[in-house]
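Asker: The structure's right below; bear with me while I get my questions together.
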Amino acid sequence: MTVAHRLLLVVHPPAGQHDSGHHISSLPQLIEADPDAPQVHVLDVSATRGDGIFETISIGRGRPQALHAHLQRFARSARMLDLPLGDLSVWHDAVHQLAEHFVDVDEAWVKPVLTRGIDGHGETAPTGWAYAAVSPDFRREREVGVDVVLLDRGYRSDVAESSPWLLAGAKTLSYATNRAAVREAQRRGADDVLFVSTDGMLLEGPTSTLILRRGDTLVTPPPSFGILEGTTQGDLFTAAEQWGLSTAISPLVPDELLAADAAWLVSSVRHAAIIRSVDGTEIPVDAGLTAAMNGFLRSRRD
Ligand code: PLP
């Protein structure tokens with residue numbers, strides 16, 4: 001059987017195709033579209049201003065993983081940006097519809113996107129789509145690990161409370177700074193980044209959540225520090241408790257990472273990437289727990 005490697009569903013038609021006066025919640029449409037054909041208007045604010053939100057959901061053998069948590073976070077991001085998300089069940093159906101094309105593939109991913117729409121056409125109507133593809137091979141990150149540098153994010157750890165307009169903790173399309181941080185890591189001879197707040201707290205990676213092991217406890221920094229609440233971290237903490245480990249959400253500083261018994265950057269699609277060094281200093285690797293984590297993450301169903 002041939003496997004479709006890339007698929008696109010337009011969740012709501014672009015604003016220009018909207019019947020004016022219709023609210024997006026009354027237009028719960030899913031339209032299959034050609035991922036190789038141009039689909040986004042050049043004036044869509046996702047392209048011109050990065051004004052929109054997204055999620056990236058892993059698919060294991062055709063089943064979306066942590067879908068409920070991803071959609072809850074999608075809805076939270078929409079609220080933070082004052083974006084009308086419409087009916088969440090439409091997004092749920094879009095993700096499932098795409099995922100079903102990947103039953104013969106071990107690992108794939110789907111990315112729902114919602115933008116504020118097309119600029120300069122009076123009142124904008126949101127544009128939405130979901131795109132799916134087969135996952136890259138992440139064996140090196142999962143089995144060998146990544147070298148990480150600590151980079152100052154330039155915000156205090158209370159940024160979410162002090163400056164909500166900075167949208168810290170929302171999953172917006174404005175990832176240019178996150179990509180720039182990874183390029184800075186590469187210039188320094190590393191692979192990935194762990195952001196630190198100006199007041200010295202460990203935060204998150206540009207596309208991942210930090211988890212470290214201290215004895216029998218897994219620890220991750222609190223989302224109240226203006227970081228994304230990780231769906232992968234959430235699922236791993238549930239599994240860890242079943243494996244007899246304790247879990248804690250608690251502030252962490254760089255010295256605690258250097259003294260950790262093991263540490264990971266976890267995320268959908270890449271799953272648990274081992275942190276093998278921090279700013280050039282090696283830290284211990286727990287190969288057994290990493291294999292258990294990735295085995296569990298790969299085989300999750302919903
Ligand atoms: N933090 C950031 C900034 C991210 O972009 C991501 C995922 O892309 C994560 C954390 C991890 O989130 P999840 O585990 O839900 O994929």
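The values are calculated or read from the model by the stated rules, or taken from the named source; none is laboratory data. Owing to the predicted nature of the structure, the values given are computational and were not obtained by experimental measurement. Cβ placement follows ideal geometry from the backbone for every residue including glycine, while neighbour counts extend to all protein chains displayed. In case anyone asks, the SASA skips ligands and DNA or RNA and just uses the protein heavy atoms, side chains included. Shrake-Rupley method; radii C 1.70, N 1.55, O 1.52, S 1.80 Å.
Asker: Sorted by accessible area (1.4 Å probe), largest first, how do Lys171, Lys111 line up?
Answerer: Largest accessible area first, the list is Lys111, Lys171.
Asker: Can you tally the net charge around Pro164? Count Lys and Arg as +1, Asp and Glu as -1, for every other residue whose Cβ sits under 13 Å from the Cβ of Pro164.
Answerer: My count for the surroundings of Pro164 gives -1.
Asker: Moving to a separate point now. What length, rounded to one decimal in nm, is gained on full extension from Ser277 through to Leu150, with 0.36 nm per residue of separation minus their alpha-carbon distance?
Answerer: 44.7 nm
Asker: Another one. For the chain, take the longest principal axis of its alpha carbons; what is the angle in degrees between that and the long axis of helix 287-298, to the nearest 10 within 0 to 90?
Answerer: Relative to the chain, helix 287-298 is tipped by roughly 20 degrees.
Asker: Quick one: if you stick a label point 7 Å off each Cα along the C-beta vector at Ser299 and Asp82, how many nm between them?
Answerer: Between Ser299 and Asp82, the simple spin-label model gives 4.8 nm.
Asker: Right, next: Quote to one decimal, in nm, the extra length available between Arg61 and Asp93 on full extension: 0.36 nm per residue of separation minus the C-alpha distance between them.
Answerer: Working it through step by step, the gained length comes to 9.8 nm.
Asker: I've got another one for you. Expected output is a single nm value to one decimal: the length gained when fully extending between Ala33 and Arg188, i.e. 0.36 nm times separation in residues minus the C-alpha distance. What is it?
Answerer: Extra length from Ala33 to Arg188 when fully extended: 51.7 nm.
Asker: Also: In whole angstrom, note down how far apart the Cα centers of the stretch 94-151 and the stretch 224-302 are.
Answerer: Their Cα centres are 21 Å away from one another.
Asker: Also, I was wondering about something else. Going by amide H atoms built from the backbone, whose H comes under 5 Å of the H on Asp44, apart from near neighbours?
Answerer: Under 5 Å from the amide H of Asp44 lie the amide H atoms of Asp119, each far enough along the sequence or on another chain.
Asker: Work from the charge dipole of the chain (Cβ charges, +1 for Lys and Arg, -1 for Asp and Glu, about the Cα centre) and give the residue of Pro64, Leu252, Val149 farthest towards its positive end.
Answerer: In the chain, that residue is Val149.
Asker: If I take all pairs of Cα atoms in the chain, what percentage of them are more than 23 Å from each other?
Answerer: Looking at the chain, the distances longer than 23 Å represent 57 percent of pairs.
Asker: Moving on. Under the rule a/c < 1.5 gives rounded, and otherwise a/b versus b/c splits prolate from oblate, where does the stretch 108-169 land using the Cα gyration tensor?
Answerer: oblate
Asker: While we're looking at this one, here's another question. Could you check how much of the accessible area of the chain is carbon and sulfur, as a whole percent, using a 1.4 Å probe?
Answerer: On the chain, the fraction of accessible area on carbon and sulfur atoms equals 50 percent.
Asker: Ranked by accessible surface with a 1.4 Å probe, highest first, in what order do Glu184, Glu100, Glu161 come?
Answerer: Putting Glu184, Glu100, Glu161 in descending order of accessible area: Glu161, Glu100, Glu184.
Asker: Each residue of the stretch 168-179 in turn: what ³J(HN,Hα) in whole Hz from Karplus with 6.51, -1.76, 1.60 and θ = phi - 60°, glycine and Pro shown as x?
Answerer: 4, x, 9, 9, 8, 6, 7, 9, 4, 5, 5, 5
Asker: Counting other C-beta atoms within 10 Å, and keeping those with at most 15, which DSSP coil chymotrypsin sites (Phe, Trp or Tyr not before Pro) do you find in the stretch 47-113?
Answerer: When the chymotrypsin sites (Phe, Trp or Tyr not before Pro) of the stretch 47-113 are filtered for loop state and at most 15 Cβ neighbours within 10 Å, nothing remains.
Asker: If Lys and Arg each add +1 and Asp and Glu each add -1, what is the summed charge of the other residues whose beta carbon sits under 13 Å from the beta carbon of Asn178?
Answerer: With Lys, Arg at +1 and Asp, Glu at -1, the net is +1.
Asker: Next question, about the same structure. With only Lys, Arg, Asp and Glu charged, each at its Cβ (+1 for the first two, -1 for the last two), find how big the charge dipole of the stretch 140-299 is about the Cα centre; round to the nearest 20 debye.
Answerer: About 540 debye.
Asker: Specify whether the C-alpha gyration tensor of the stretch 245-285 places it in the rounded, prolate or oblate class, a ≥ b ≥ c being the square roots of the eigenvalues: rounded for a/c under 1.5, otherwise prolate if a/b is larger than b/c and oblate if not.
Answerer: oblate
Asker: With charges only on Cβ, +1 for K and R and -1 for D and E, what is the dipole size of the chain about its Cα centre, in debye, rounded to 20?
Answerer: With Lys and Arg at +1 and Asp and Glu at -1, about 180 debye.
Asker: Here is a further query. Can you work out the FRET efficiency for the pair Arg49 and Ile249, with r the C-beta to C-beta distance and R0 = 41 Å, to the nearest 0.05?
Answerer: 0.80
Asker: In sequence order, what are the phi-derived ³J(HN,Hα) couplings for the stretch 230-239 according to the Karplus relation 6.51 cos²θ - 1.76 cosθ + 1.60 with θ = phi - 60°, rounded to whole Hz, with x for glycine and proline?
Answerer: My calculation for the stretch 230-239 gives x, 6, 5, 4, x, 5, 5, 5, 5, 5 Hz in order.
Asker: Also, quick follow-up: How big is the gap, in Å, between the Cα center of the stretch 50-81 and the Cα center of the stretch 170-223?
Answerer: 19
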